[in-house]
Structure formats: structure tokens, C-alpha cells
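Engineer: Have a look at this one before I ask anything.
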Amino acid sequence: MSLLSVQGLEVRLGARLVVEGVDLRLDSGELLGLIGPNGAGKSTVVKAIAQLLPHRGDVRLQGRSVRRFGARERARGMAYLSQDDQVQWPILVQDLVALGRHPHRSPWGGSDAAGDAGGAVEMAMRAADVWTLRGRRADQLSGGERARARLARVLAVNAPLILADEPVAALDPRHQLDVMELLRVHCVGGGGAIVVLHDLTMASRFCDRLLLLNQGRPVASGPVNDVLTPEQLRRVYGIEAVTGVHAGQAYIVPWAREKGRGLGGGLDANAN
């Protein structure tokens, strides 16, 4: 049984169809990357899976339709990390991370039903490298520190499925690697993750499979080498890339605009 299956996902925002015909499957142990240009529908897909947007199609978590989950049960099964990194109130980092344990608490204010909440919160903060920031106000952190604190909140949930929308966008190179390695560790431990990425190098290094979207529709899906082909990169992104292998692992680095493409992706007026 797959951890997550999605069939025929369709999302409309007002009268506009923004996502159509998305099918995907995620097994335990897998890290799936959602990639594509700006406006391709990547964030919309993960929001719809997280039941944050109205949609058509069938979304199943561990074989059950998510529409049949109560709010708390769904929150225990999938943890969502949004793209928006703002914290609007003066909450301490340790209290922000502890919010990740909320789905495990009794609605009547009882103790954490899953066990040692404090231990889970500490482990999450140490994993995300924010343990030393635990007494700081989250709204006074740098963008990168805040992104790591928000990741710690997601890790504290201990949900089998993590949905992460551009989790490395605000981070320095070391912490980008840390975040992707944390997601890999989560998957190796039996969970699964879907991560929205613009960084094709990170996608090629860390993801097991990729789903490439363009204008709200799937273009390619499968192993990294089958999706990040020169033809697909030229057609969807309008770029040329450098590929290679280091320490036995393939990687890809976007290198230049495709000849004849302007800065906006259209034809260059100076191209021959």
C-alpha cells in the first residue's frame, strides 16, 4: 500500500483552472520533488493535498480518502510546511516548535497521547539546529533561523508524510544541505516527503523521483535522470545545464539560458 496516492487532482481558483490532471504516488521511504517554473502549480498541488484548497480528485493517505479524516487525525498523518515564513506574534521558538504536538493532545486539554512531548520537541529543535535559539522570540529571528524553527515544528509532529513548500529558499548553503538531509532521514526512517523545489541541483541530488509541472499540468514524472533531460530543461525552463557525477552521485547545475531565449523566457530580439 502506498503512503500517498493522488488521482485526477484539479484545482480552480475562482473561474481559473490552475491545476489539472495531476496523478502521483508516494511510497514509504521516498522523497518526491515537485519542480517547474514560477506559476507552474507546485504550491497549489501541495496545498490541495494538505486539504487547504478546495479541489477535485482522489487523495488517499495510507489507503484512506483524506476526506474521511478528522482534522486532528489528518494533522497527525501529514505535516505541512508553508512557503510563507512570517511569524506574526511574539512567540518563543520552543513554544512555536511545541505547536507541532498539538494534533497529539486531547481536545479537552489533556496530555500528549503519543508520549513524551518535551522529548519530541527537543529532538526536533536539535535536528533543525535551533536548540540554542529556543529562548528567542521567533518574530525576531533572521529569515534562515525562522525557516529552521518552522521546520522543527513540522518535524515535531512525527507525521508519516511531510509536505514542504520551498523549505530551502531562505537558507544558506550549509543549512540547505541540512534540511534536505533531514528530509532524507525522515524518509529512510519509513516516512515520505513531497518537497517543492526551484533548486534543480538539490532536486537532482536528494530526490528519488520528480514530478515536473508546467502551466498547472504534469509534463514528466519519474526518476531524476528521466525527468531532468536536456530536452525537458530547454522546453520547460528555457535553459541549458551542466551534468556530472561526484562521489558516485549524479548532479545537474543550470548553466545558461537557451540560445534565442530572452530574460523573460521569450525569444531574444538580438538572436539570429
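Engineer: Looking at residue 248 and the list (1) of a type in the set (Gly, Ala, Ser); (2) without any contact (Cβ under 8 Å) to a residue 60 or more places away in the chain; (3) within 29 Å of residue 155 (Cα to Cα), which single condition is not satisfied?
Structural biologist: (3)
Engineer: Quick check on the stretch 200-217: of everything there that is in contact with a Leu (Cβ under 6 Å, 6 or more places away or on another chain) and part of a strand (DSSP E or B), which residue is surrounded by the fewest Cβ atoms within 10 Å (Cβ to Cβ)?
Structural biologist: 209
Engineer: Only residues that are buried (at least 19 other Cβ atoms within 10 Å of the Cβ) and of a type outside the set (A, V, I, L, M, F, W, C): list them for the stretch 44-73, please.
Structural biologist: 44, 47, 55
Engineer: Here's something else I'd like to know. Taking the residues in the stretch 115-147 that are among the basic types (Lys, Arg) and assigned to a helix (DSSP H, G or I) as candidates, determine which candidate is farthest from residue 80 (Cα to Cα).
Structural biologist: The selected residue is 126.
Engineer: Could you identify the single residue in 150, 234, 184 that is farther than 22 Å from residue 4 by Cβ, part of a helix (DSSP H, G or I) and out of contact with any Lys or Arg (no Cβ under 8 Å at 6 or more places or on another chain)?
Structural biologist: It is 234.
Engineer: Same structure again: Being more than 25 Å from residue 185 (Cβ to Cβ), of a type in the set (Gly, Ala, Ser) and modelled with pLDDT of 95 or more is true for just one of 260, 265, 238. Which residue is that?
Structural biologist: Result of the check over 260, 265, 238: 238.
Engineer: Return the total of residues in the stretch 24-75 being in a strand (DSSP E or B), β-branched (Val, Ile, Thr) and under 16 Å from the mean Cα position of the chain (by Cα).
Structural biologist: Total meeting the criteria: 1.
Engineer: Another question, then. How many of the residues making up the stretch 213-239 are in contact with a Pro (Cβ under 7 Å, 6 or more places away or on another chain) and free of Cβ contacts under 8 Å to residues at least 60 places away in the same chain?
Structural biologist: 1
Engineer: I would also like to ask the following. Out of everything in the stretch 85-114 that is of a type in the set (A, V, I, L, M) and assigned to a loop (DSSP other than H, G, I, E, B), what residue ends up being modelled with the highest pLDDT?
Structural biologist: Once the filter is applied, the top-ranked residue is 91.
Engineer: Can you name every residue in the stretch 6-43 that is among the polar types (S, T, N, Q) and surrounded by 15 or more Cβ atoms within 10 Å (Cβ to Cβ)?
Structural biologist: Those that are among the polar types (S, T, N, Q) and surrounded by 15 or more Cβ atoms within 10 Å (Cβ to Cβ): 28, 43.
Engineer: When you look at residue 79, is it out of contact with any Pro (no Cβ under 7 Å at 6 or more places or on another chain), under 25 Å from residue 179 (Cα atoms) and among the hydrophobic types (A, V, I, L, M, F, W, C), yes or no?
Structural biologist: Judged against the criteria, residue 79 is a match.
The values are calculated or read from the model by the stated rules, or taken from the named source; none is laboratory data. Nothing here was measured: the structure is a model prediction, and the numbers come from that model. Because the Cβ atoms are built from the backbone with ideal geometry, glycine has one as well, and the counts that use them run over all protein chains shown.
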